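Remarks on the structure that follows.
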Amino acid sequence: MVRDFVDRALEPEVIERILVSALRAPSAGFSQGSSFLVLTEQADRARFWPFVPTRVENSPAIQLAPLVVVPFANKSVYLERYAEPDKGWQDRAEARWPAPYWFIDTGMAALLILLSAVDEGLDACFFGIMPEHLEPFGREFAIPAELTAIGGIAVGYRSPDLPAQSETLAQRRKGITQVMHRGQWGRQ
Ligand SMILES: Cc1cc2nc3c(=O)[nH]c(=O)nc-3n(C[C@H](O)[C@H](O)[C@H](O)COP(=O)(O)O)c2cc1C
């Protein structure tokens, strides 16, 4: 994650390639319930940043990113899709879901945007939008009530004087034996 950008525009074709990558995210039952608010105009991005004040306070240069994408999950699309005959969950009961696939799918689409940005030689950051800001953010951008923003993504050119990832962060990164269990839990 890179949180400090320079004021440098992105080619429209680059933006389109990054956005199109999100359409290839896997989705449960091919529900395709994710949707996205795309902010490329300076005036629109300026309307967005007040809703993530802590992020902006900690790294003001995140506001220079020329592309901001807000991915949304839509639970109702999944409940409807899985009520269809081939799935058969006509009671639309949420207890049936082993995990909230509407959030999982939108997270996968968000990761595709992050990885596509890196493929384009760019950097990006995924950041949270805190609960108290979601409602006013939704009002500002006319977001339909059934959509839930899972966070925001800033994409652009990293600041050249940005220091390398901090040593403590690198030390904290878990090793493969801490997270992978081979054949039996607890076995490496
Ligand atoms: C669901 C989620 C929420 C995150 N929220 C924030 C955030 O609000 N602000 C931020 O600066 N980074 C946020 N991050 C980025 C993480 O802090 C970052 O991925 C982690 O520290 C590892 O660093 P790296 O991705 O650069 O390796 C978030 C990442 C995820 C997946």
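Of the residues making up segment 49-78, those that are within 16 Å of the ligand (Cβ to nearest atom), surrounded by fewer than 20 Cβ atoms within 10 Å (Cβ to Cβ) and not hydroxyl-bearing (Ser, Thr, Tyr) are 49, 50, 53, 56, 57, 58, 60, 61, 63, 64.
Report yes if some residue within segment 104-124 is among the hydroxyl-bearing types (Ser, Thr, Tyr) and more than 29 Å from residue 50 (Cα to Cα); otherwise report no. No: zero hits. Here residue 123 qualifies as among the charged types (D, E, K, R), in contact with a Lys or Arg (Cβ under 7 Å, 6 or more places away or on another chain) and closer than 24 Å to residue 57 by Cβ. Restricted to segment 116-184, the set of helices (runs of 4 or more DSSP H) holding at least 1 residues that are away from the ligand (no atom under 16 Å from the Cβ) comprises 131-140, 176-179. The residues in segment 9-37 that are under 16 Å from residue 154 (Cα atoms), surrounded by fewer than 12 Cβ atoms within 10 Å (Cβ to Cβ) and touching a helix residue (DSSP H, G or I) at 6+ places or on another chain (Cβ under 8 Å) can be counted, and the count is 0. Of all residues in segment 134-188, those being surrounded by 11 or more Cβ atoms within 10 Å (Cβ to Cβ) and closer than 18 Å to residue 103 by Cβ number 12. Would you confirm whether or not segment 38-47 contains a residue that is surrounded by fewer than 14 Cβ atoms within 10 Å (Cβ to Cβ) and within 14 Å of the ligand (Cβ to nearest atom)? For segment 38-47, residues surrounded by fewer than 14 Cβ atoms within 10 Å (Cβ to Cβ) and within 14 Å of the ligand (Cβ to nearest atom): absent.
Inspect all residues belonging to segment 19-26 and state whether any of them is within 16 Å of the ligand (Cβ to nearest atom), in contact (Cβ under 8 Å) with a residue 12 or more places away in the chain, more than 18 Å from residue 128 (Cα to Cα) and of a type in the set (A, V, I, L, M, F, W, C). Scanning segment 19-26, I find at least one residue that is within 16 Å of the ligand (Cβ to nearest atom), in contact (Cβ under 8 Å) with a residue 12 or more places away in the chain, more than 18 Å from residue 128 (Cα to Cα) and of a type in the set (A, V, I, L, M, F, W, C), so the answer is yes. Filtering 156, 138, 107 for residues that are touching a strand residue (DSSP E or B) at 6+ places or on another chain (Cβ under 9 Å) and without any contact (Cβ under 8 Å) to a residue 24 or more places away in the chain leaves a single hit, 138.
Read-outs throughout are calculated quantities, based only on the coordinates presented, and are distinct from any laboratory measurement. Source: prediction; values computed, not measured. Every residue, glycine among them, receives a Cβ derived from its backbone with ideal geometry; neighbour counts consider all protein chains shown.
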